[in-house]
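This report concerns only the one structure given below.
Nothing in this text is a laboratory measurement; each read-out follows from the coordinates by a stated rule. This is a predicted model, so every value here is computed, not measured. Methodologically, a virtual Cβ is constructed for each residue, glycine included, from the backbone with ideal geometry; neighbour enumeration extends over all protein chains shown.
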Amino acid sequence: MNNTEEKIVFNCVAHRPDVERLSVHLYRTPIPPRTHSGFALAVVTKGLKRLNHMGIMHEVPAGSLTLLNPDELHAIEPDNQQGVIYQALHVPTSAMMDVAPQGFVFPTPVLHNASIARRFAEQLIVLDATRNNALWNERLSDILYHASALFSSRNNRPVSHEDHRISLVRTYIEEHINENLEIETLSALIDLSKFHFIRLFKENVGATPHAYIQARRTARAKLMLQTRPPIQVASLCGFVDQSHLTRWIKACYGTTPSAYHKRFRAAGRGIAEPMAASG
């Protein structure tokens, strides 16, 4: 791989516009901390991906899967020597809950299993080639069923050990995401010095308050872009302006706000064209 191959091809699926397919080639450019509103499944087909999941770094080589639950904070770095190529599928929580046990979550963010990874990659190829709407939905359900069945026999719900004070702060952030959220304001909510607060927050969340706020703003913006134009979304989610929103959406999700907004609406009308953007 070389630097000219760096790209993210992003596609909202015409059969169901809240399902997203990505083909990602990264060589040096990292993806900053972000979250997804639903489940995210990905298979590395070449190279090495480093996944920072909730503050813990995982190495994900070719032949491995990453399995992320809704709203889990994560960042991605390619290996600078070999880069990484991976295929990803983002699905809303409702799609997973149609086939998985109630309350299902992936118990691990990484699965090292070459045969399962190969089968998942093959399933994505078949899914992408399916034009019949009913058959496409059947195949998507089959993919999600088998993904959840890998773990559904276990007691897989992670036990939350988050400090209740940080939970209060995270709730406050969600309710005031369009405001200027200063460290002093957040630390005062739970009566801590800003330095103690930053340390406690990172220990619990896996990122600094600033990185977490930016990730949540960007995720909220992406969701709102499905129905609102970028200029409205920028102000509603606390971005300085539309260009600020554009930089973050592109860095985190591999597309621009305008392209995503237009493509999501087009997908809803049954038009299927992939979007390519620099990684």
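3J(HN,Hα) couplings calculated from phi for the stretch 31-38 with the Karplus curve 6.51 cos²θ - 1.76 cosθ + 1.60 (θ = phi - 60°) are, in sequence order, 9, x, x, 8, 9, 10, 6, x Hz; Gly and Pro show x.
Among the listed pairs K7/K250; K7/K49; K46/K250, those whose Cα-Cα separation exceeds 18 Å are K46/K250. Rounded to the nearest 0.05, what FRET efficiency do S167 and T93 give with R0 = 22 Å and r taken as the Cβ-Cβ distance? Could you check? My answer for the efficiency is 0.65.
In the stretch 164-268, the ratio of gyration radius to Kirkwood radius, Rg to Rh, stands at 1.05 when only Cα atoms are counted.
Pick out, from P78, L124, L144, the residue whose Cα sits farthest towards the positive end of the charge dipole of the chain, with +1 on the Cβ of Lys and Arg and -1 on the Cβ of Asp and Glu. Going by the Cα projections, it comes out as L124. Considering only H161, I31, N133, the residue lying farthest towards the positive end of the dipole of the chain is N133, judged by Cα position with unit charges set on Cβ.
When both the stretch 166-239 and the stretch 75-99 are represented by their alpha-carbon centers, they are found 23 Å apart. What does the charge add up to near C237, with Lys and Arg as +1, Asp and Glu as -1, over the other residues with Cβ less than 12 Å from its Cβ? With Lys, Arg at +1 and Asp, Glu at -1, the net is +2.
The P(r) of the stretch 99-202 has a tail past 23 Å containing 55 percent of all C-alpha pairs. Longest stretch of the chain clear of exposed loop sites (trypsin sites (Lys or Arg not before Pro), DSSP loop, at most 10 other Cβ atoms within 10 Å, sites excluded): 1-130. Sites listed here are GluC sites (Glu not before Pro) in the stretch 1-65 whose DSSP assignment is loop and whose Cβ has at most 12 other Cβ atoms within 10 Å, and the list is empty. Amide H to amide H, with H built 1.01 Å from N, F39 comes under 5 Å of V91, T93, counting only residues 5 or more places away or on other chains.
Between the listed residues G238, Y172, A259, the Cα displaced farthest toward the positive end of the dipole of the stretch 164-268, a dipole computed from Cβ unit charges relative to the Cα centre, is found at A259.
For the stretch 12-125, the convex hull spanned by the alpha carbon atoms encloses 106 Å³ per residue.
Across the stretch 108-121, computed HN-Hα scalar couplings (Karplus, 6.51 cos²θ - 1.76 cosθ + 1.60, θ = phi - 60°) run 9, x, 9, 10, 9, 8, 5, 5, 5, 4, 5, 5, 5, 4 Hz from first to last residue, x flagging Gly and Pro.
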